[in-house]
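No lab work stands behind these numbers, since they all come straight from the coordinates. Model, not experiment: these values are computed from the prediction. In this analysis, Cβ positions are derived from the backbone assuming ideal geometry, glycine residues included, and neighbour counts consider all displayed protein chains.
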Ligand SMILES: NC(=O)c1ccc[n+]([C@@H]2O[C@H](COP(=O)([O-])OP(=O)(O)OC[C@H]3O[C@@H](n4cnc5c(N)ncnc54)[C@H](O)[C@@H]3O)[C@@H](O)[C@H]2O)c1
């Protein structure tokens, strides 16, 4: 019998947090869209939210994550709570021995990210940070081209997130737009693009940033501009705002190299000095706009997680990768607060992200 004929039991996944993003996770796992995995139970401290999701997929509902872990003993627990609660939840869950998936951003403080990584290492479990956009088709293609050296020397990388998040969006829940639990456009909406920029361009040496709260009535920034210097010598720009009106305008990443240029989300440009025969098909096959703002990737993301658990495959999205983009975002906030260029490999001193403001 070869290995493909051996029927392994499904990997059982439990969800902590039944808010907006849980729809995506519950649907994929609850409808059997992830091969070899299934939804086992759901939990929310608001019982109606857990009950609603549970009845949709015919799984048990809990309002206490510890009770769920003890009774259900899942193989994987996915944490979908407010960003500022991820660290506490993951650290408390680690000792149950289930692998942990945590939504982005993994944490709001570097010290919390370090403790999460240590807790999961000590428990001998894998930690996965949701970075589903790394699995979007054009992004996978771009990464492949970079790994194959098709860009030559990289010159510049640019991120543009020009989205519309009106006041009603922030008013949906009290944690949104706060320093203690959410962060601003850089931490929440643009964090995927910032992660992709660093993934494609390599380590960052320094950043200089400015931000403002232009239109929304929130504590954190809704608009930011950042200049970056990469260790390779390449330069970068991040332009991020949720203050576009009346609707989303653009979410894009451009990589310019000595011998090639690229822009995503929809593949817009794919130009190389030395073309390959498959290049025209790339434009045709990858010029697809994602069906929603979350991109295509949650399904591919979970497939990757299951391969890493079942076959010991690589984990592209582990705690260290999550920490890496948090470090960059933290350095950007340090620059905003100090008004100076901040070199990475720094100790945050004036960053407000993850802190309860003194006045409140
Ligand atoms: N990957 C993406 O593209 C993407 C998209 C949206 C949101 N997110 C992330 O997902 C997270 C949740 O966002 P959301 O929009 O779903 O928020 P939400 O406010 O809609 O949901 C959070 C839920 O967690 C529950 N909760 C809090 N503490 C809990 C606990 N200890 N046990 C059980 N339930 C608990 C809350 O009651 C709430 O229902 C955030 O970190 C956000 O950044 C990621």
Separation between the residue 66 and residue 155 pseudo-spin-labels, each 7 Å from Cα along Cα→Cβ, expressed in nm? 5.9
Indicate the gyration tensor shape class of the chain (rounded, prolate or oblate), computed on the Cα atoms with a ≥ b ≥ c the square roots of the eigenvalues: a/c under 1.5 is rounded; otherwise a/b larger than b/c is prolate and the rest oblate. oblate
Where Rh denotes the Kirkwood radius from the mean inverse Cα pair distance, what is Rg over Rh for segment 214-256? 1.07
Mind jotting down the distance between the C-alpha centroids of segment 48-105 and segment 300-360, whole Å? 22
Counting pairs of alpha carbon atoms under 8 Å apart in space and at least six apart in sequence, what relative contact order in percent does segment 17-140 give? 18
Taking only C-alpha positions in segment 73-159, Rg and Dmax in angstrom work out to 16.4, 49
Centroid-to-centroid separation of segment 210-262 and segment 123-143 [C-alpha atoms, Å]: 21
Among 15, 228, what is the fewest-to-most ranking by other Cβ atoms within 10 Å? 228, 15
Translational D in µm²/s for segment 1-160 (Stokes-Einstein at 20 °C, 1.002 mPa s, Kirkwood Rh from C-alpha pairs): 124
What are the semi-axes of the equivalent ellipsoid for segment 155-227, taken as the square roots of 5 times the Cα gyration tensor eigenvalues, largest first, in whole Å? 25, 12, 11
Need one word for segment 1-95: rounded, prolate or oblate. Basis is the Cα gyration tensor (sqrt eigenvalues a ≥ b ≥ c); a/c below 1.5 gives rounded, then a/b vs b/c decides. prolate
Between residue 299 and residue 283, what is the label-point separation in nm under the 7 Å Cα-to-beta-carbon projection? 2.7
Show me the ranking of peptides 164-172, 81-89 by mean Cβ neighbours inside 10 Å, starting with the highest. 81-89, 164-172
What shape does segment 21-69 take by its C-alpha gyration tensor, where a ≥ b ≥ c are the square roots of the eigenvalues and a/c under 1.5 counts as rounded, a/b above b/c as prolate, and the rest as oblate? prolate
For 118, 22, order by how many other beta-carbon atoms lie within 10 Å, fewest first: 118, 22
Enter the per residue convex hull volume of segment 113-156, computed from alpha-carbon coordinates, in Å³ rounded to the nearest integer. 133
Going by how many other Cβ atoms sit within 10 Å of their own, how do 230, 272 line up, fewest first? 272, 230
Report the extension gain between residue 232 and residue 212 in nm, rounded to one decimal, defined as 0.36 nm multiplied by the number of residues separating them, less their alpha carbon distance. 4.2 nm
Contour minus end-to-end for residue 33 and residue 52, with contour as 0.36 nm per residue of separation and end-to-end as the Cα-Cα distance? 4.8 nm
